[in-house]
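Here the structure is laid out as structure tokens; the discussion comes afterwards.
The values are calculated or read from the model by the stated rules, or taken from the named source; none is laboratory data. The structure presented is a predicted model; accordingly, all values stated were derived computationally and were not measured. Neighbour counts are summed over all protein chains in view; Cβ atoms, including those assigned to glycine, are modelled from backbone coordinates with ideal geometry.
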Amino acid sequence: MSEALAVVETAGTGTSVPAVSGARQFWRRLRAQRAALVAAAVVALLVLVALAAPLLTALEGQDPTTYHPTLIDSARGGVPIGSFGGVGADHWLGVEPQTGRDMFARLVYGARVSLGVALAATVVQIAIGVTVGVAAALGNRWVDQLLSRATDIIVSMPLMIMSLALLAIVPSSFPRPVLVTLVIGLIAWGSIAKIVRAQTLSLKGLDYVSAARLSGWGTWRIARRELLPGLAAPVITYAALLVPANISVEAALSFLGVGVKPPTPSWGQMLTAADVWYQAAPQYLLLPAGALFVTVLALTVLGDGVRTALDPRAASRLRVGTGRKDTTGTENANENATGKAPENAADGATRGAAGSANEKEASA
């Protein structure tokens with residue numbers, strides 16, 4: 001069925017060779033996009049920094065929670081002593097105003113929280129969305145109606161308002177990063193469920209799915225063996241675009257004071273505390289804002305590259321560094337202008353005429 005090995009016929013030789021696997025084609029198309037490769041390198045570096053946060057802070061000799069009151073000028077309202085916010089050998093990015101906590105340590109530990117919450121929330125969204133979408137598409141009319149209306153309700157809910165309401169009533173003793181992850185994941189799965197349902201309905205009518213059904217396979221075996229592989233491309237594409245959106249939501253919730261609570265560092269929380277220091281200590285605002293900007297931009301560009309690599313027919317929104325130009329349209333336009341038919345069409349017409357002549361001779 002769908003596991004059959006595709007073969008292509010080598011032009012002019014009549015021999016057949018195995019077709020290039022989908023994974024190899026994906027990596028080849030992704031490597032052709034330089035912007036996506038740069039974005040992937042940036043994302044990999046950010047993930048490495050987040051994972052190695054304890055090691056990096058140990059090399060610096062600092063931690064994200066220790067106060068250093070001797071490094072701030074209390075007479076000036078708590079501004080760090082020294083240039084560039086107290087940057088030096090002991091504090092690579094300076095210290096926080098008013099508290100003296102190390103900025104580098106809080107920045108790298110904040111990356112763990114922001115990236116971890118965004119990735120975990122994306123996993124929750126994909127798991128719920130795929131399950132609901134496939135169940136709605138494969139169920140009977142009543143199941144489809146029930147799940148579709150529930151999905152419509154979820155989609156209509158304003159994410160930020162519902163998150164604010166839920167986070168405000170939950171006791172503070174509950175682990176805040178876990179709570180933010182669950183809130184984002186449980187509220188924002190509606191869009192992926194709609195995409196999966198529509199894609200599953202289109203796959204149900206294909207021949208290999210019908211053959212699996214006629215061979216006696218159960219509904220969920222068909223879903224697992226035949227439908228889920230076909231859903232991989234749109235799900236991966238949407239997941240790649242969900243991660244930067246979830247990072248922004250987590251930062252916004254922390255900025256509003258209902259997300260991750262001190263002393264746990266978070267980029268959004270750092271922005272909340274920095275809004276009154278942008279003149280006296282601008283680096284306190286620029287560092288977390290710059291980290292958020294770079295992370296969201298890199299993930300967005302990478303998501304666009306993944307989308308284009310999985311669906312080469314879709315034109316990339318970011319043409320920077322693709323290294324290839326689509327000349328098919330230009331060649332066809334030139335051929336039409338000169339009155340020449342494409343070679344494949346001419347060859348097809350010649351073969352058709354020859355076949356007709358052979359049939360007439362055989363009948364004679």
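Quick one: which of Gly230, Gly216 is outside any helix (DSSP H, G or I) and not aromatic (Phe, Trp, Tyr)?
Values: Gly230 fails: outside any helix (DSSP H, G or I).
Residue meeting the stated conditions: Gly216.
Listed here are the residues, each with its yes/no results for (1) out of contact with any helix residue (DSSP H, G or I) (no Cβ under 6 Å at 6 or more places or on another chain); (2) buried (at least 18 other Cβ atoms within 10 Å of the Cβ); (3) closer than 19 Å to Leu228 by Cβ; (4) at pLDDT below 90.
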position	(1), (2), (3), (4)
Ile128	yes, yes, yes, no
Thr131	yes, no, yes, no
Leu146	yes, no, no, no
Arg149	yes, no, no, no
Met162	no, no, no, yes
Pro171	yes, no, no, yes
Val183	no, yes, no, no
Gly190	no, yes, no, no
Arg197	no, yes, yes, no
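When you look at Glu250, is it in contact (Cβ under 8 Å) with a residue 60 or more places away in the chain and over 30 Å from Pro175 (Cβ atoms), yes or no? Considered against the rule, which asks whether it is in contact (Cβ under 8 Å) with a residue 60 or more places away in the chain and over 30 Å from Pro175 (Cβ atoms), Glu250 comes out as no.
Criterion applied to Arg106, Arg141, Arg76 was being among the basic types (Lys, Arg), touching a residue at least 40 places away in the same chain (Cβ under 8 Å) and either surrounded by fewer than 22 Cβ atoms within 10 Å (Cβ to Cβ) or farther than 30 Å from Gln279 by Cβ (or both), and the one residue passing it is Arg76.
Selection of region 255-287 for residues being closer than 19 Å to Val117 by Cβ and free of Cβ contacts under 8 Å to residues at least 60 places away in the same chain yields Phe255, Gly257, Pro262, Leu271, Thr272.
Residues are listed down the side, and each one gets a yes or a no for (1) at pLDDT 90 or above; (2) surrounded by 11 or more Cβ atoms within 10 Å (Cβ to Cβ); (3) of a type in the set (Ser, Thr, Tyr):
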{"position": "Glu3", "(1), (2), (3)": "no, no, no"}
{"position": "Thr10", "(1), (2), (3)": "no, no, yes"}
{"position": "Gly14", "(1), (2), (3)": "no, no, no"}
{"position": "Ala39", "(1), (2), (3)": "yes, yes, no"}
{"position": "Val43", "(1), (2), (3)": "yes, yes, no"}
{"position": "Ala50", "(1), (2), (3)": "yes, yes, no"}
{"position": "Thr57", "(1), (2), (3)": "yes, yes, yes"}
{"position": "Pro64", "(1), (2), (3)": "yes, yes, no"}
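Could you pull out every one of the helices (runs of 4 or more DSSP H) wholly within region 103-197 that has 3 or more residues that are closer than 27 Å to Leu271 by Cα and not polar (S, T, N, Q)?
Numbers: elements: 103-138, 141-156, 159-169, 176-187.
Correct list: 103-138, 159-169, 176-187.
With respect to Trp277, determine if the residue is outside any helix (DSSP H, G or I), over 30 Å from Thr308 (Cβ atoms) and modelled with pLDDT of 85 or more. Break it down stepwise before answering.
Values: outside any helix (DSSP H, G or I): yes; over 30 Å from Thr308 (Cβ atoms): yes; modelled with pLDDT of 85 or more: no.
No.
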